[in-house]
1. I'd like the distance separating the alpha-carbon centroids of segment 35-63 and segment 235-294, in whole Å.
2. Which residues does a label at VAL298 reach in segment 237-251, if reach means a backbone N under 18 Å from a point 7 Å past the Cα toward the Cβ?
3. As an exercise, use a Förster radius of 22 Å and the Cβ-Cβ distance of ALA74 and LYS99 to find the FRET efficiency, rounded to the nearest 0.05.
4. Setting aside same-chain residues fewer than 8 positions from LYS219, which aspartates and glutamates have a Cα under 18 Å from its Cα?
5. Just tell me, in residue order, which DSSP H segments of the chain are both 30 angstrom or longer along the helix axis (alpha-carbon based) and at least 0.0 in mean Kyte-Doolittle hydropathy.
6. Which pairs break 24 Å Cα to Cα here: LYS85/LYS211; LYS11/LYS284; LYS11/LYS99; LYS245/LYS265; LYS99/LYS277?
7. Report, to two decimal places, the Cα Rg of the chain normalised by 2.2 N^0.38 Å (N = number of residues).
8. Could you work out how much longer the chain between PHE242 and LEU82 gets when fully extended? Use 0.36 nm per residue separation minus the Cα distance between them, nm to one decimal.
Amino acid sequence: MSNSASAQMNKLEAWILASRPKTLLAAFVPVVTGTAIAISDGMFNALAAVDALICALLIQIGTNFSNDLFDYLAGTDSPGRLGPKRALAEGWISVKEMKIGTALTFGITFILGLYLVYLGGWVILLIGVLSILAGIAYTTGPIPLSYNGLGDIFSFLFFGLIGTIGTYYVQSLRISSLAVLSSIPVGALVTNILIVNNYRDIDEDRLAGKKTLAVIFGKRFSRIQYLIFSIVSYLIPVFVFFFYKQSYFVFLPLLSIPLAVKLVKMIYTLDGKELNKTLELTAKLSGIYGILFAIGIVI
């Protein structure tokens, strides 16, 4: 292989790593859950579902690019960080390249989202614009969300409520109370990914002036927050079963309880880089739970 081809492969790998593939389940799960409810209600629109999934993934990737860029510019990312390596901090991608990559990703998202706007009207346009702006404002602007204890709220709202309900809406053109209820465990388990991340980085973030909830309220608060979100997530199928007359298959997510228990033990006993495995497994739990929940609703 030539040096030029090798360099291109390395650059491609850098962009893939910068997109943070392990975080993309956060965008996948709400779309799958909202689509499952649409299928259950006989409202399934395949093109809308696929478009919503692509847009959700691109928003997540754009947010990750933006996060990499502005954390680096703010000096909160360094080569010695506890978490996974970051593209700018490692010198894999330049600041100019990342700015272009972020703009292109959000630009393509907006263009693809116009079909969803055509289906759902101004409400979907508003949601799309707010999602992109929130992705950028997560780490920059006058009040960066992740620097002011608002990251958890952002995660729960956009990857839980808005992602799930919005996906259902563009297919059915109405709001379902089941979609609203089902968005709660989706948002809670996705937010748990962020909780582990902030719990691990609490000392680094405190030194950098990054006021996450973990920094503001301490490690004990984060552990309790993680535990509560986990418990609530496994209570929701019970409500869905009794109030929406679903089949027993709606209890499929309970098969993932052993992993959830393991993760709670991990966050109570591990520290520092040891939590990288907890972070990875928390993301996997979100995906496993979401897929099982979607299957249970459809069946």
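Just so it is clear, none of the values below were taken in a lab; they were calculated from the coordinates. Remember, it's a predicted structure, so these values are computed and weren't measured experimentally. Please note: Cβ atoms are built from the backbone with ideal geometry, for glycine as well, and neighbour counts cover all protein chains shown.
1. If we compute the Cα centre of each part, the gap is 22 Å.
2. Counting only backbone N, you get 246-251.
3. Values: r = 15 Å, r/R0 = 0.67.
Taking R0 as 22 Å, the efficiency between ALA74 and LYS99 is 0.90.
4. ASP152, ASP201, ASP203, GLU204, ASP205, ASP271, GLU274
5. Within the chain the helices that satisfy the rule are 46-74, 95-120, 177-200, 219-244, 275-298.
6. Beyond 24 Å: LYS11/LYS284; LYS245/LYS265; LYS99/LYS277.
7. On the way: Rg = 19.2 Å, N = 299, 2.2 N^0.38 = 19.2 Å.
Ratio of Cα Rg to 2.2 N^0.38 Å: 1.00.
8. 53.2 nm
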